[in-house]
Structure formats: C-alpha cells, structure tokens
Amino acid sequence: MSCSIRVIALAIIRRPESGELLVFEGKDPGRELTYHRPLGGGVEFGELGAETVRRELREEIGVEIEVGRQLAFFESIFEFNGDPKHEIVFAYECAFADPGLYGCDRFEDLEGRGEDGIWRPLDDPTLLVPEPLTELLRSSA
C-alpha cells in the first residue's frame with residue numbers, strides 16, 4: 001500500500017467539431033470497474049505542470065501539444081485495486097500542435113500499457129476520473 005500523495009497534470013483536449021474528450025480507458029481490477037481518464041501523468045521534480053503534459057503526451061502517444069490555460073487545481077482521494085490513493089491534480093486546456101490529428105480516432109499507447117488514446121463522447125456513461133472533472137467539464141462546455 002502506498003501512502004504518498006502524487007502530483008499529476010492532465011491534458012484536457014477536445015475535438016473542436018464534437019467536443020469529445022481525449023482519454024484512455026482503464027480498469028480497476030479491485031472493483032471490476034472501467035473508467036476514462038485524460039492523458040497526462042506524474043509531475044517530476046523541478047517540472048511545471050504545463051511541461052508535464054507536454055512531456056507525457058509525447059511519451060504516451062507521440063504528439064506535440066500546445067498548452068493553454070490551467071482549468072483546475074484540485075485534490076482527488078480514491079481507491080484503486082483496493083488501495084487508498086491521494087492525488088493533487090492540475091488540469092490544463094490543451095490543443096494538438098497539428099490540427100490534422102483531430103481526425104484520428106485512436107492514438108496508440110507507445111508505453112505499451114494498452115492505454116490507447118480514444119475520443120470520449122460527451123454523453124458517455126463510463127466513469128470519468130478524477131471525478132471532479134465531470135463537473136468542471138460540464139460547466140466549461
């Protein structure tokens with residue numbers, strides 16, 4: 001069990017024509033739960049959140065992004081695979097540097113974890129995590 005607090009930065013990328021959100025689909029085996037989460041990851045020492053989302057998107061799916069405004073900063077306390085977790089989350093409005101990428105339906109996970117980037121429709125009932133994102137995205141749509 002991990003008792004540390006993880007700081008993460010997430011890229012909020014929406015398809016301009018539909019408003020769909022770029023996410024990966026994950027599974028929590030402890031709860032037999034499928035969820036969606038925007039791409040991004042852990043902030044490294046000395047790295048700003050905006051730098052994190054740029055690096056993570058390069059590492060995860062091999063794309064360059066432009067980072068816009070910080071949309072939110074919040075805490076998320078949850079359980080994953082039976083273990084308690086605590087994250088501090090920076091969420092940034094982002095866009096692809098190459099607008100042609102919005103036409104892609106899937107972005108291969110270059111890290112080999114099976115977490116391909118997919119577009120999540122606005123009305124998708126799959127749990128969106130971290131959970132505070134649901135209200136944030138609803139109010140900024």
Any idea what the dipole of the chain comes to, in debye rounded to 20, about its Cα centre with Lys/Arg Cβ at +1 and Asp/Glu Cβ at -1? 260
Taking a probe of 1.4 Å, how large is the accessible area per residue of the chain, in Å²? 55
With both partners inside the chain, how many of the DSSP beta bridges are antiparallel, as a percent to the nearest 5? 70
For the chain, give the percent of accessible area contributed by carbon and sulfur heavy atoms, probe 1.4 Å, rounded to a whole number. 51
So the label point goes 7 Å from the Cα of Leu33 along Cα→C-beta, right? Which residues of segment 114-140 then have their backbone N under 16 Å from it? 125-135
Under 1.5 on a/c is rounded, so check that first for the chain, then, if it is not, pick prolate when a/b is larger than b/c and oblate when it is not; a ≥ b ≥ c are the square roots of the alpha carbon gyration tensor eigenvalues. rounded
What spacing in nm lies between the two simple spin-label points modelled at Phe45 and Leu136, each 7 Å away from Cα in the Cβ direction? 2.6
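The values are calculated or read from the model by the stated rules, or taken from the named source; none is laboratory data. These figures come from a predicted structure and were not determined experimentally. Note that we place each Cβ from the backbone using ideal geometry, even for glycine, and neighbour counts take in every protein chain shown. The protein model used for the area step is the full one, side chains on, heavy atoms only, and it has no ligands, DNA or RNA in it. Shrake-Rupley method; radii C 1.70, N 1.55, O 1.52, S 1.80 Å.
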